[in-house]
Amino acid sequence: MRAEDLFEAMGGIDEKLIARSDRRVRSSQEKPSSGKTVKKARKRKNRRSMGAEIYRFTVVAMSTAAVVFVLFMARDLLGIRDLSDIRDRLDSTQVSSIAEPVQADGAAVEQAEKSDAEQPEASSQMKAADSGQAEEAVEEQADSAAEELADSAVEDKAAEAAANNSLAKTAVDMLGEFKGDYVRLEYISAKEEANGGSRKVPEYTVEGEIALSEAFSKGKASPAILASTGEATYYVYLTTKNGEEHRVVFYENAYVSMDNIPGIVMKISQADYEEIEDLFR
Amino acid sequence: MEDTAIIDLYWKRDEQAIVETDLKYGKYCHTVAYNVLNDIEDSRECVNDTWLRAWNSMPPKRPSVLRAFLAKITRNLAFDRYRARGAAKRGSGTMEAVLDELAECADLSGNWDAEEAYLATELKEAINRFAEQLPERECDLFVRRYFFAEEIPAIARRYQMTENNVTVSLSRIRKKLRKYLKEGEYIE
């Protein structure tokens, strides 16, 4: 059997079936002529097109949101992870604080030698005494004196360094690599702000800088809509060189968000959150 | 004029019957013929042949639906004319596309010629049963495409469907037809 035979056989289709199909075609073409049907058809069409519009709008909105989300995530993650500057600086601070006691140790030994020289009595006693006990006693004395001197030197140096640090650096320096972008950092608790309290400027501390950089380097960004952040606890206001103000919000469940990066929150560790809280107390 | 009145004229052997038929169904039959032949002159001749065939069939026939009766005559005459044409003159119109589609359901290896007359009658009845059992919309699409050889865009406009939708529906119908013909052992 060929296709032509099949087509020929189709010619045997019952006239009633053909008439029915013809009638349906004609009635579907004639339908819009009656007023009621036209209204119904138009209503149905409108409903359909409205549905299509809503669907189209939803698709466009969702895809735009997805693109924006991805861009913010990329920006957020790249920005936060690039903390090599801070780390280097932190490492160098630790190295210098380790090196300082060693220098202090040397100074203490010198001091001890000096004191040794300045104590002719002790040396004459040493020479005079035959017993080794006297010698040991002198050595012990010298050692303890040297240790005391070294300890006090270390303490003095650390205090001096801390004083220098806090004097030279401001709260903005705690922002690490972002410090260049901002000229002022203020904070206020959510409660105080609600009560009309004024903002405070925290003092620079090395611990604060570490806590902030740790929090941001370990923090994980996620969509705000999916995070149960809890209530806002602290607001940190960052002022840029242009005078713009960016607000950073800390939440009770150890989340952080920035008003200029909407829709994204960052989950930080509870320990980091507590350290930052200490900074603001 | 009403169809019954026209049929009465045929039965009275009044030549006015042909004039009235041409007035009422001339355009329609021409479209049916044109779908198959894709040629205005051939279609016109085919319509004239239709009036002659109708004149010869009534009486004894008294068609219940004159329009469908005439459409069937026209379509079959047009297809005879199409087959009588040389391959070169057939061109590449809708008819070729329709036959290509139907080739999916045909069985080229079957020994059709040996029992042609018997099988043709059988096949016509089988296809009629197949068309009857199809859902309303599918039956309409089937008739429009494989009886009237209408173009897919025209069918889509008629039923307010997309062309793609019509193509997919027709493909499903052909699958069903192939299965049906296999079950009836019309094809292997």
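With R₀ set to 25 Å, the beta-carbon distance separating A:Arg23 from B:Gln160 gives a calculated FRET efficiency near 0.90. Choose one answer from B:Thr31, B:Thr121, B:Thr74: the residue with the largest mean-square fluctuation in a GNM of chain B with alpha-carbon springs under 10 Å. Of B:Thr31, B:Thr121, B:Thr74, the most mobile in the Gaussian network model is B:Thr121. The H on the amide N of A:Val183, modeled in the peptide plane, is under 5 Å from the matching H of A:Thr239, A:Thr240, A:Lys241, each at least 5 residues off or on a different chain. If R0 is taken as 51 Å, the Cβ-Cβ distance between B:Arg62 and A:Ile54 corresponds to a FRET efficiency of 0.35.
For chain B, taking the reciprocal of the average inverse distance between every pair of different Cα atoms yields a Kirkwood hydrodynamic radius of 18.0 Å.
Relative to the longest principal axis of the Cα atoms of chain B, the long axis of helix B:116-133 lies at roughly 90 degrees. Summary of the geometry: the stretch B:29-70 and the stretch B:130-169, compared by the centres of their Cα atoms, lie 22 Å apart. Note on chain B: with a GNM built from Cα contacts shorter than 10 Å, the maximum mean-square fluctuation among B:Ala120, B:Ala33, B:Ala78 falls on B:Ala120. Taking trypsin sites (Lys or Arg not before Pro) across the stretch A:219-270, the ones in a DSSP loop with at most 12 further Cβ atoms lying within 10 angstrom of their Cβ are A:Lys241. Ranked for footprinting exposure by Cβ neighbours inside 10 Å, fewest first, B:Leu170, B:Leu70, B:Leu23 give B:Leu23, B:Leu170, B:Leu70.
With a cap of 15 neighbouring Cβ atoms within 10 Å, and only residues DSSP puts in a loop, list the GluC sites (Glu not before Pro) found in the stretch A:212-245.
Values: sites: A:Glu214, A:Glu231, A:Glu244, A:Glu245; in loops: A:Glu231, A:Glu244.
Of the GluC sites (Glu not before Pro), the ones in loops of the stretch A:212-245 whose Cβ has at most 15 other Cβ atoms within 10 Å are A:Glu231, A:Glu244.
The sum of -39500 (n - 2.57) across all DSSP H runs of n ≥ 4, divided by the residue count of chain B, sets its helix-only mean residue ellipticity at 222 nm to -24000 deg cm²/dmol. From least to most packed, judged by other beta carbons within 10 angstrom and beginning with the fewest, B:Ser43, A:Ser63, A:Ser189 follow the order A:Ser63, A:Ser189, B:Ser43.
With contacts defined as alpha carbon pairs under 8 Å and 6 or more residues apart, what's the relative contact order of the stretch A:215-281 in percent? Could you put the intermediate results ahead of the total?
Values: 107 pairs, mean separation 22.6, N = 67.
That works out to 34 percent.
Is there a pair in A:Lys179/A:Lys218; B:Lys72/B:Lys176; A:Lys169/A:Lys241; B:Lys61/B:Lys175; A:Lys40/B:Lys27; B:Lys61/B:Lys179 whose C-alpha atoms are over 29 Å apart, and which pairs would that be? Where the Cα-Cα span goes over 29 Å, the pairs concerned are B:Lys61/B:Lys175; A:Lys40/B:Lys27; B:Lys61/B:Lys179. Coupling constants for the stretch B:74-85 follow from the phi torsions by the Karplus curve (6.51 cos²θ - 1.76 cosθ + 1.60, θ = phi - 60°), and in residue order they are 4, 4, 5, 5, 4, 5, 4, 5, 4, 5, 5, 5 Hz; glycine and proline get x.
Its alpha carbons give the stretch B:27-98 an Rg and a Dmax of 12.6, 39 Å. Residues A:Phe72, A:Phe57 in ascending order of nearby Cβ atoms (within 10 Å, fewest first): A:Phe57, A:Phe72.
Each Cα pair under 8 Å and six or more residues apart adds its separation to the average, and for chain B the resulting relative contact order is 21 percent.
By how many degrees, 0 to 90 and rounded to 10, does the Cα axis of helix B:94-103 deviate from the longest principal axis of chain B? The helix B:94-103 is inclined about 40 degrees to chain B.
We did not get these values from a lab; they are worked out from the coordinates using the rules stated. Given the structure is predicted, the values throughout are model-derived calculations rather than measurements. Glycine gets a Cβ as well: all are built from the backbone with ideal geometry, and neighbour counts include every protein chain shown.
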